[in-house]
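Heads up, the thing below is written out as structure tokens.
The values are calculated or read from the model by the stated rules, or taken from the named source; none is laboratory data. Only a predicted model underlies this, so the values are computations on that prediction, with no experimental measurement involved. Cβ sites come from the backbone with ideal geometry, for glycine too, and all protein chains shown count toward neighbours.
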Amino acid sequence: MKRAIAVLCLFATACSSEQPVSLAETTVIALYQPLVVSKGEDSTPLTSIPMTPEFDALTKQAARAAGEDFPVFDFDPAGLCQDCSGFADLKIAPAQANTIATAAEGHTLIQASFRIPPAPTRTVYWDVVETPTGWRVDNILADGFSLRQIAEDAIAAVDTQGDTAVECMAYVRLHAEALAIAAPDADTSALETAEASWSKTAEAFFQPVELAQYFASSIAVLDDLTPDEIRTHAEACVTTRPT
């Protein structure tokens, strides 16, 4: 273990014989190895970070929710940079008192300070927890930044898209049914196409039974609106339907 710590200390100037390095710090130091060795040319894969089971599940759910076209983690999670070229002067230490956040019970905050020229020194805080299998990361923080919050926001945004899809399905169906009564010969093909498009979107967020129940409840709730209100919303849904 002492040899492993000595090797890892080569990657951070914070290590010294006068200042013993904790295993929590050693865990964080190791995560910066790609950036230090390559001077920012190589990135830190998110999958290389040992996370708590809950945080790992959260980040994976966020990545799936955002999809490949709009990756939610399009930056280096250790350097918090998209272009980390010139990465230098890494220093690892226990987080100072009155820092960005107070560690929760059982958690430890480790701070990593470094430079990416020409920007000034920045500090990243690692919220880590000791487990039977070693130290695990439960969040990555910086001034105005929380990886956990980004993941939660990404999941919430997708939930909103699913809700919008079901709502539009209901508006379009209600308007089509109203037209069928008021004007049986009216062309409802645009409404049918829109409902099919929104339905396809909704299917990406809900299981079939869940979607059917959600759609039925939305119909019941929105049916209380006036015909003009339903028509206005339905027309907007036709215009904005996914293609």
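A few remarks follow.
- Selection status of ASP153, of a type in the set (D, E, K, R) and either more than 30 Å from GLN111 (Cβ to Cβ) or surrounded by 14 or more Cβ atoms within 10 Å (Cβ to Cβ) (or both): no
- Tally, over region 111-129, of residues that are farther than 19 Å from SER85 by Cβ and not hydroxyl-bearing (Ser, Thr, Tyr): 5
- Number of the exception - PRO120 against (1) in the same structural domain as PHE73 (by TED's automatic domain parsing); (2) touching a strand residue (DSSP E or B) at 6+ places or on another chain (Cβ under 7 Å): (2)
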